[in-house]
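Heads up, the thing below is written out as structure tokens.
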Amino acid sequence: MSSISTVAKRKALLKKLLVTIQKNEKAISEALYNDFKKPAFEAYLTETQYVISDLKHTISNINRWAKPKRVWSSVLNLPSSEFIYSEPYGRVLIISPWNYPFQLAMCPLIAAIAAGNTVVLKPSELTFNTSQIVTKIVEEVFDVKEAVVVHGGAEFTQSLLEKRWDYIFFTGSVPVGKIVAQAAAKNLTPVTLELGGKNPCIIDEGADLEIAVKRIVWGKFINAGQTCIAPDYILVQAKEKYNFVELLKQEITRAYGENPEESPDFARIINTKNWQRLQAMIEPEKVIFGGISNEESRYISPTLLDEPDLHSEVMKDEIFGPILPILSYHDEKDVERIISKYEKPLSLYVFTENKDFAEKMITHYSFGGGCVNDCVIHFSNKRMPFGGVGHSGLGAYHGKFGFDSFSHKKAIVKKPTWGDVPVRYAPYKNKLKYIKKLLSWL
Ligand code: NAD
């Protein structure tokens, strides 16, 4: 089996990776800017710093995570000591997307190496500069037998998927997730699928609108809306709609200025194909703010759409850009009708001062993860799992959840040879009544 057997070796590799990333921080930030004008602040917060903190957390905890975990023995097995061993799967294929091209390539790599696997990493072909620096870092840190980066688009990725892997970790769109799952099924290869969805953001009557708009504008327009957990559409209580929209407009202008095209804090759309896809979602008669775009620079301004039809282009699939539809609701039936029209989303957000309403929303609907009175930030806590459910994904990672995703959990019972209890051995004769009595006490 292909693996990095000792924990000491894995830890040494992760430490080397940490130093190499720290040394290249500026170059990573520049690469992200050159790929799609990702602002340096966002590159630091959501890419380099996130990965550095993930690495430090993993390095501090790897000994504990990798150690066989002793559990209470089953009375039936006594005398015994019983353990869960974490075993690396072996050769892992990691396929990553372009929107957080450094973080979404590096974090699965860190978890896979920590768990002792060897890795073939296929970053996105759409972020040339970042993929180059990812390659340089991996080449500097790892032997080719431990981890390598390979490059290519859809066809090349499909040829990789035809090979046999011990684990596949995919981050990307739902349609490609299905291709990955089908390919993995041929060899019964276990997979993690980190996908997307249409994430609702519910604004309850009486919510603190001033705080809500700040947090929503940040969460929606960071990375120009190209974030898998960004609010996809707003569901606002009809009585609050006017105030909410006015405050939203003010907040967008405060954050990005009168002309966001000139703002150093607003990224661009990744490529012309995606720019055109997003452009087709903007129905001019629905625009109540923004709607300005420039194909040459792949710019689309923060745009608010008022009450788009549920069958319109913008309400079909995940938007994945700086367009925010505003839908109003009168009662919870309206909310239910709209949310349940879609597959289970990757996240759900609810802004409310009513704890019961918040609890109802987060327990009634099934989704990957979310926040009450905020958005996106649940991603940042390495002590919580990150992943989708249903069409938004399968499995989870971050911190120990990542280590566990990349480990097979082996149950081991260790028995001494003294103290053999003969009750289970044939001939059973009249042992049945004793065993029934014994088990009825447990
Ligand atoms: P994508 O699915 O187009 O591409 C992802 C990866 O798959 C890339 O490496 C690409 O080369 C490869 N690929 C593309 N088409 C393929 C095909 N036909 N066959 C095999 N491989 C193929 O996704 P993207 O555009 O890079 O990223 C955006 C999507 O990713 C959005 O849907 C977003 O929600 C999702 N996403 C999810 C998460 C998460 O953590 N859940 C994070 C970021 C992005």
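Roughly what % antiparallel, to the nearest 5, for the DSSP beta bridges in the range 200-380? Once the DSSP bridges in the range 200-380 are tallied, antiparallel ones form about 15 percent.
Relative to the Cα centre, the charge distribution of the chain, modelled as +1 at Lys and Arg Cβ and -1 at Asp and Glu Cβ, gives a dipole magnitude of about 3640 debye.
So what's the gap between the Cα centers of the range 1-38 and the range 92-165, to the nearest angstrom? Taking the Cα centre of each part, the range 1-38 and the range 92-165 sit 11 Å apart. Scaling the Cα radius of gyration of the chain by the globular reference 2.2 N^0.38 Å produces a ratio of 1.12. The alpha carbon convex hull volume per residue for the range 209-285 rounds to 117 Å³.
Here the alpha carbons of the range 343-442 define both size measures, Rg and Dmax, at 23.9, 67 Å.
Loop-resident trypsin sites (Lys or Arg not before Pro) (DSSP state other than H, G, I, E or B) in the range 71-169 with no more than 14 further Cβ atoms inside 10 Å of their Cβ: K145, K163, R164. List every residue whose amide H lies under 5 Å from the amide H of F289, counting only residues 5 or more places away in sequence or on a different chain, with H placed 1.01 Å from N in the peptide plane. The list, which skips near neighbours in sequence, is L304.
In order along the range 44-53, the phi-based Karplus estimate (6.51 cos²θ - 1.76 cosθ + 1.60, θ = phi - 60°) of 3J(HN,Hα) comes to 5, 5, 9, 10, 5, 5, 4, 5, 4, 5 Hz; Gly and Pro are listed as x.
In this simple spin-label model, placing a label point 7 Å from the Cα along the Cα-to-Cβ direction at both V7 and Y44 gives a separation of 3.5 nm.
For the range 374-442, the set of trypsin sites (Lys or Arg not before Pro) satisfying both a DSSP loop assignment and a count of at most 15 other C-beta atoms within 10 Å is given as R383, K429. Projecting label points 7 angstrom from Cα along Cα→Cβ for A411 and I84 puts them 1.1 nm apart.
Could you give me the ³J(HN,Hα) list for the range 278-290, computed from phi with Karplus coefficients 6.51, -1.76, 1.60 and θ = phi - 60°, whole Hz, x at Gly and Pro? Residue by residue, the range 278-290 yields 6, 4, 5, 8, 8, 7, x, 6, 9, 6, 10, 6, x Hz.
Counting other Cβ atoms within 10 Å, which GluC sites (Glu not before Pro) in the range 333-442 have at most 12 and lie in a DSSP loop?
Values: sites: E336, E343, E353, E359; in loops: E343, E353.
In loop regions of the range 333-442 (DSSP not H, G, I, E or B), the sparsely surrounded GluC sites (Glu not before Pro) are E353.
Checking the a/c ratio against 1.5 first, then a/b against b/c, what shape does the Cα gyration tensor give for the range 54-182? Intermediate values should be presented prior to the final figure.
Working: a/c = 2.61, a/b = 1.83, b/c = 1.43.
Prolate.
For I202, the residues whose amide H sits under 5 Å from its own are L235, Y349, V350, F351, ignoring neighbours fewer than 5 places away on the same chain, with H placed 1.01 Å from N. Loop sites by DSSP among the chymotrypsin sites (Phe, Trp or Tyr not before Pro) of the chain, restricted to those with at most 11 other Cβ atoms within 10 angstrom, leave 73-417 as the longest stretch without any of them. Derived scalar couplings between HN and Hα for the range 163-170 equal 6, 8, 10, 8, 7, 10, 10, 10 Hz in order, rounded to whole Hz, by the Karplus curve 6.51 cos²θ - 1.76 cosθ + 1.60 (θ = phi - 60°), x for Gly and Pro.
Normalised radius of gyration for the range 222-363, please: alpha carbon Rg relative to 2.2 N^0.38 Å, two decimal places. Can you show the working numbers first?
Numbers: Rg = 15.4 Å, N = 142, 2.2 N^0.38 = 14.5 Å.
Compared with the compact-globule rule of thumb, the range 222-363 sits at 1.06.
Read the figures in this text as sums done on the coordinates, not as results from a lab. All of these numbers come straight from a predicted model, not from anything done at the bench. Positions of Cβ are backbone-derived with ideal geometry, glycine not excepted, and every protein chain shown enters the neighbour counts.
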